[in-house]
Amino acid sequence: MVTCTGPVNIAVIKYWGKRDEDLILPINSSLSVTLHQDQLKTTTTIACSRNFQQDRIWLNGKEEDISNPRLQSCLQEIRRFARKRRNTGGSTSDVSSVSHKVHICSVNNFPTAAGLASSASGYACLVYTLSQLFGVESEQLSAVARQGSGSACRSLYGGFVQWKLGERSDGKDSLAEQVGSESHWPELRVLVLVVSAEQKSVGSTSGMHTSVGTSQLLKYRADVVVPSRMEEMIRVIRQRDFPAFGELTMKDSNQFHAICLDTYPPIFYLNNISHRIISLVHRYNQYYGETRVAYTFDAGPNAVIYTLEDHLPEFVQVVRHFFPPEVNGAEFVKGLPVCSTELSEDLKRNINMEPTPKGIHYIISTKAGPGPCVVKDPNHHLLGADGLPKKSAISD
Ligand code: DP6
């Protein structure tokens with residue numbers, strides 16, 4: 001039995017569109033920041049035993065269908081790697097276990113209602129845990145996670161991670177690679193602004209399928225825009241150039257949502273609150289005459305904010321002022337502590353926006369963090385000695 005944890009990642013150059021739907025091969029490269037697991041993580045325990053009758057999986061306390069094709073791809077691929085290692089005598093772990101059935105139990109420490117994609121941390125953690133269980137060491141692990149969910153391949157590494165689209169039709173070169181470690185840019189901070197959504201939005205898998213079929217802008221983005229943006233993004237991250245990083249991050253998020261509007265029928269992921277957050281960020285930056293804060297949005301209305309440590313307390317106070325929360329103090333800002341500060345009247349006047357009460361539910365304050373980790377303490381296993389979920393694993 002092995003237990004591991006895996007992180008969430010948030011793209012600053014977005015992945016949107018596949019050239020192969022089965023292998024999950026993208027039409028463009030992408031780049032993300034891996035978030036710290038102290039705030040957001042998936043924990044997965046996998047056991048194998050000759051006594052298990054079939055492969056089984058429990059997600060957040062509920063048994064799910066193991067026949068899900070993406071899940072099956074990941075299981076088959078890891079077992080193939082494990083057999084290859086066994087045949088070449090390279091494995092250090094109990095080689096007979098490869099033919100045993102597995103029980104998988106996985107929980108997220110963040111509510112699904114927070115609207116954060118759990119598929120990236122979920123599949124990355126699944127594949128990493130399987131690799132530990134079967135003693136598979138491979139540079140191809142990200143290609144396995146990719147077959148669970150595209151963005152999951154980036155969660156196999158900490159810090160700043162690119163997913164290179166690759167050229168091969170078998171996908172063997174469509175892999176994630178670290179661009180900078182989690183300690184590369186210690187001043188960089190992340191805020192997840194959890195916005196209330198009235199309705200569930202179109203899932204990313206079906207959304208990007210429709211975009212590939214209908215949006216001409218998407219082709220231009222993949223062929224022309226992203227290749228140069230990837231180079232620039234890697235350069236500004238290496239130089240820790242926040243104004244350039246922030247501007248490029250916002251432009252890429254905006255282009256992704258423009259593609260969604262260019263999709264037919266159009267897809268709307270941003271709501272009124274998202275639009276107000278965008279205005280607020282631009283007005284704040286305008287006031288200082290430099291990019292101090294940047295937003296990015298995925299397939300939903302929640303904003304992820306990148307900023308530097310020095311500007312964090314003031315910006316959080318700005319958010320509190322313009323989106324007066326329902327709850328106060330620590331309840332509103334979860335995660336890494338944020339110092340309190342006063343806003344100048346001049347700043348408030350210059351931002352010049354009507355406050356929107358309760359527009360933002362809460363904020364998760366975090367930073368860049370490491371890739372998947374093994375949990376050594378057996379008390380943290382989610383499965384009991386009988387191979388079934390412990391009571392404590394039935395939480396969200
Ligand atoms: C907007 O990885 O969830 O978050 O490969 O179909 O599982 P599938 O899609 P998914 O798409 C993520 C899209 C995005 C941008 C990104 O994370 O790069």
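The values are calculated or read from the model by the stated rules, or taken from the named source; none is laboratory data. The structure displayed is predicted, hence computed values, not measured ones. Don't worry about glycine lacking a Cβ; one is built from the backbone with ideal geometry, like all the others, and counts go over all protein chains shown. Accessible surface areas use protein heavy atoms only, side chains included; no ligands, DNA or RNA. Shrake-Rupley method; radii C 1.70, N 1.55, O 1.52, S 1.80 Å.
Summary of values
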| item | result |
| --- | --- |
| Tally, over segment 316-362, of residues that are touching a helix residue (DSSP H, G or I) at 6+ places or on another chain (Cβ under 7 Å) and within 20 Å of Phe242 (Cβ to Cβ) | 5 |
| Single unsatisfied condition, His321 versus (1) surrounded by fewer than 21 Cβ atoms within 10 Å (Cβ to Cβ); (2) over 28 Å from Val33 (Cβ atoms) | (2) |
| Within segment 144-174, considering residues that are away from the ligand (no atom under 13 Å from the Cβ) and of a type in the set (Gly, Ala, Ser), the one surrounded by the most Cβ atoms within 10 Å (Cβ to Cβ) | Gly158 |
| Strands (runs of 3 or more DSSP E) fully within segment 5-69 counting 1 or more residues that are touching a residue at least 24 places away in the same chain (Cβ under 8 Å) and of a type in the set (A, V, I, L, M) | 9-13, 30-34, 41-49, 56-59 |
| Unique match (being open to solvent by 20 Å² or more (accessible area, probe 1.4 Å) and within 16 Å of the ligand (Cβ to nearest atom)) among Leu31, Leu23 | Leu23 |
| Which listed residue is closer than 30 Å to Phe256 by Cβ and free of Cβ contacts under 8 Å to residues at least 24 places away in the same chain, from Gln76, Gln72 | Gln72 |
| Helices (runs of 4 or more DSSP H) contained entirely in segment 303-396, each with at least 1 residues that are under 23 Å from the mean Cα position of the chain (by Cα) and modelled with pLDDT under 95 | 329-332 |
| Residues located in segment 230-246, provided they are crowded, with 23+ Cβ neighbours inside 10 Å and over 16 Å from Leu308 (Cβ atoms) | Met233 |
| Which listed residue is open to solvent by 60 Å² or more (accessible area, probe 1.4 Å), more than 16 Å from the ligand (Cβ to nearest atom), under 27 Å from the mean Cα position of the chain (by Cα) and at pLDDT 95 or above, from Gln76, Gln53, Gln37 | Gln76 |
| Failed item in (1) among the polar types (S, T, N, Q); (2) open to solvent by less than 70 Å² (accessible area, probe 1.4 Å); (3) over 20 Å from Leu308 (Cβ atoms), with Asn379 passing the rest | (2) |
| Per-region count, segment 247-268, residues outside any helix (DSSP H, G or I), within 14 Å of the ligand (Cβ to nearest atom) and either aliphatic (A, V, I, L, M) or open to solvent by 10 Å² or more (accessible area, probe 1.4 Å) (or both) | 2 |
| Single unsatisfied condition, Val212 versus (1) open to solvent by 10 Å² or more (accessible area, probe 1.4 Å); (2) more than 16 Å from the ligand (Cβ to nearest atom); (3) within 22 Å of Ile24 (Cα to Cα) | (2) |
| Some residue of segment 277-300 being more than 14 Å from the ligand (Cβ to nearest atom), assigned to a loop (DSSP other than H, G, I, E, B), more than 29 Å from Gln317 (Cβ to Cβ) and out of contact with any Pro (no Cβ under 8 Å at 6 or more places or on another chain) | no |
